[in-house]
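The values are calculated or read from the model by the stated rules, or taken from the named source; none is laboratory data. All values reported here derive from a predicted model rather than from experimental measurement. Because the Cβ atoms are built from the backbone with ideal geometry, glycine has one as well, and the counts that use them run over all protein chains shown.
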Amino acid sequence: MAEELAIPSHLDGQRLDWALAQLLPHYSRTQLRQWIEAGGVRLGDKVMRPSTRLRGGEQLLLDAGCRPQRTAGPVTAEALPLGVVHEDPWLAVIDKPAGLVVHPGAGNGHGTLQHGLLHRWPHLVKLPRAGLIHRLDKDTSGLLVVALDEAAALRLTAALAQRHITRRYVAWVAGMPPGSGTIDAPIARHPVSRTRMAVIPRGRPARTHYRAAARYRHVTRLDIQLETGRTHQIRVHLAHIGHPIMGDPVYGSRHSSCTLPRQALHACTLGLQHPVTGEDMLWHSPLPEDLASWEATLAPHVPHTAC
């Protein structure tokens with residue numbers, strides 16, 4: 001099945017293999033290159049090569065039937081409770097609880113969301129990462145979209161790369177940041193601690209928009225919208241401006257007044273255009289009980305007044 005992929009103008013001059021890695025992060029670079037070399041990417045009747053330079057604005061055809069066999073080890077199905085808030089033949093939306101790992105990895109060989117997805121929808125074994133289009137950190141709660149077929153996976157992955165999927169979060173941070181702002185700072189793997197990310201000039205572009213929604217004593221609640229989706233982006237950006245997320249032991253020491261066992265970050269809103277019907281869809285996730293109860297204990301902020 002061939003699917004169309006529009007090349008955005010900002011990729012003018014880039015190699016095809018590099019551009020597809022940006023637009024289809026759902027696939028590894030090796031897989032994408034093998035896919036291209038198998039003739040699975042065309043511009044009209046022309047078969048594209050990995051080194052082809054793009055101009056921006058092209059409408060490429062991606063032939064999913066040319067996708068190479070995946071080399072990742074098998075992930076077995078496990079019966080896990082899934083907070084399914086939407087399901088149709090093409091996609092599902094999951095409300096992930098804090099503490100649930102999304103993908104298998106070192107120290108997390110079972111009991112992940114991916115294992116649970118394969119139990120509920122066994123056919124997802126044919127899709128990379130069981131159809132997961134994006135991820136949330138283990139201790140971040142909230143909404144995730146899952147593709148339930150090949151065509152939807154391609155279209156949703158492209159929509160995410162082209163910033164057509166809306167993701168909003170709520171976070172509680174230490175201190176009193178300005179009322180609103182945009183954090184525009186590139187992110188890459190930390191040069192020393194390889195399990196962490198950091199703001200580094202040579203990193204990938206990353207933009208986070210925020211607005212103060214409520215202020216408490218020493219704590220501010222922020223409404224956040226992602227423009228890009230780098231690993232740990234919100235946590236890294238907020239720590240970078242001196243206002244780390246409460247309860248985050250990696251990018252900011254646990255605040256003395258924070259009794260939460262996890263970072264105070266929740267993916268509250270997810271919006272997208274349905275990949276098949278074209279319908280604009282929007283989902284909201286209420287605050288989990290742990291965050292709502294903790295917020296209720298915070299003392300109100302009392303502004304200083306002149307004598």
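Sort out which residues of the range 83-131 are part of a loop (DSSP other than H, G, I, E, B), under 28 Å from Gln263 (Cα atoms) and touching a residue at least 40 places away in the same chain (Cβ under 8 Å), and write them in order of number.
Pro97, Ala98, Gly99, Val102
Could you look through the range 176-195, keep only residues that are farther than 14 Å from Leu238 by Cβ and hydrophobic (A, V, I, L, M, F, W, C), and pick out the one that is surrounded by the most Cβ atoms within 10 Å (Cβ to Cβ)?
Ala188
Please verify whether Thr76 is surrounded by fewer than 17 Cβ atoms within 10 Å (Cβ to Cβ), of a type in the set (S, T, N, Q), touching a helix residue (DSSP H, G or I) at 6+ places or on another chain (Cβ under 8 Å) and farther than 20 Å from Arg29 by Cα, treating the condition exactly as stated.
yes
Taking Ala198 and the conditions (1) surrounded by 15 or more Cβ atoms within 10 Å (Cβ to Cβ); (2) more than 30 Å from Leu24 (Cα to Cα), which numbered condition does it fall short on, given that it satisfies the others?
Result: Ala198 passes all but (2).
Identify all residues within the range 201-230 that are of a type in the set (S, T, N, Q) and surrounded by fewer than 17 Cβ atoms within 10 Å (Cβ to Cβ); write none if there are none.
Those that are of a type in the set (S, T, N, Q) and surrounded by fewer than 17 Cβ atoms within 10 Å (Cβ to Cβ): Gln225, Thr228.
Which of the residues spanning the range 12-46 are exposed (fewer than 14 other Cβ atoms within 10 Å of the Cβ) and more than 26 Å from the chain's Cα centre (by Cα)?
Passing the criteria: Gly13, Gly39, Gly44, Asp45, Lys46.
With respect to the numbered conditions (1) surrounded by 15 or more Cβ atoms within 10 Å (Cβ to Cβ); (2) over 15 Å from the mean Cα position of the chain (by Cα); (3) at pLDDT 95 or above; (4) of a type in the set (Gly, Ala, Ser), which one is the sole condition not fulfilled by Gly278?
Tallying (1) surrounded by 15 or more Cβ atoms within 10 Å (Cβ to Cβ); (2) over 15 Å from the mean Cα position of the chain (by Cα); (3) at pLDDT 95 or above; (4) of a type in the set (Gly, Ala, Ser), Gly278 fails exactly one: (1).
Can you name every residue in the range 76-113 that is modelled with pLDDT of 95 or more and of a type in the set (D, E, K, R)?
Result: Glu87, Asp88, Asp95, Lys96.
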